[in-house]
Amino acid sequence: MENINPWNSIPLNDYEQHMEHKDVAQAQLLNSLTYKYLKKHKPENILFLGISGGNGLEHVDTDRVKKIFGIDINQSYLNESHKRFGNKIRQLELATADIGTSTKSFIKADFIWAALIFEYVNIEGAFQFIANNCNKYINLIITIQSNNGTNSVSSTGIESVKSVKDIFKNVDGNELQNTASKFGFKLTNSEENILPNGKSFLTYEFNI
Ligand SMILES: C[S@@+](CC[C@H](N)C(=O)[O-])C[C@H]1O[C@@H](n2cnc3c(N)ncnc32)[C@H](O)[C@@H]1O
């Protein structure tokens, strides 16, 4: 039988409650990072990898943007993103794909936002996906989680989210940068943000 990706068995509500929990507070930080990098780069063609329920889409400048694509492996997350933002952002398109293996090209993006997705996919495969979906001029923003010795999935009492532990891999920042460089991406900036439970987010900014 085909293996079902554990992300397909987590209700969006569970994932979002987990991310918003006061000890985790990752949703809030990701939202502010999305705001910061969209404002900085003012993109026209945007790709969100692992878009989930669309956290941060409210910061898209709808007067400027030509096309925005959101990809996720879980169709029900995309349905909810569409419900939340489809009317407000007419340029929004959503598609189900496995970012680690898909060879499809959906967009020629000048801005890619990849938050907490590399932990769940093959790194080379994801860069190949990015390469197939980016413009010659591209700002690629990747956020990874650094556990700093704590559990990969924090305890919030929400049981369903624990199933992703089986596929979660710590992403090594150096390996990420080396693979990025093989695909022609240059690191221009990075930042670390510490979370309430001692974990942190490492955000890398690349361009070509
Ligand atoms: C940890 S969540 C991050 C969601 C969102 N980027 C955020 O920052 O809140 C990972 C997201 O990536 C999706 N995902 C996991 N593996 C995937 C894959 N192989 N291909 C596409 N999407 C995937 C999950 O369904 C989930 O929505």
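No lab work stands behind these numbers, since they all come straight from the coordinates. Keep in mind the model is a prediction, meaning the values are calculated, not measured. Positions of Cβ are generated from backbone atoms using ideal geometry, with glycine treated the same way; all protein chains shown enter the neighbour counts.
At 222 nm, what helix-only mean residue ellipticity would the chain give, in deg cm²/dmol to the nearest 500, using -39500 (n - 2.57) for each DSSP H run of four or more? Working shown, then result.
On the way: 5 runs with 56 residues, N = 208.
One gets -8000 deg cm²/dmol as the mean residue ellipticity at 222 nm.
Starting with the fewest neighbours, write out GLU159, GLU124 ranked by other beta-carbon atoms found within 10 Å of each beta-carbon.
Numbers: GLU159 9, GLU124 12.
Result, fewest neighbours first: GLU159, GLU124.
Can you give the % of DSSP beta bridges in the chain that are antiparallel, to the nearest 5? Before the final figure, lay out each step's value.
Numbers: 16 of 36 bridges.
Roughly 45 percent of the DSSP beta bridges within the chain come out antiparallel.
Would you look at the GNM of the chain, springs on alpha carbons closer than 10 Å, and say which of GLY149, GLY50, GLY70 moves the most?
GLY149
Quick check: residue separation of ASN132 and ASP23 times 0.36 nm, minus the Cα distance between them. What number comes out in nm?
Here the segment from ASN132 to ASP23 would lengthen by 35.5 nm.
In terms of the Cα gyration tensor, with a ≥ b ≥ c the square roots of its eigenvalues, is the range 6-207 rounded because a/c is under 1.5, prolate because a/b exceeds b/c, or oblate? It would help to have the intermediate numbers written out before the result.
Numbers: a/c = 1.42, a/b = 1.16, b/c = 1.22.
It comes out rounded by the Cα gyration axes.
Checking the table LYS22/LYS66; LYS108/LYS186; LYS42/LYS199 against a 24 Å threshold on Cα-Cα, which pairs fail?
Details: LYS22/LYS66 36 Å; LYS108/LYS186 18 Å; LYS42/LYS199 29 Å.
Exceeds cut-off: LYS22/LYS66; LYS42/LYS199.
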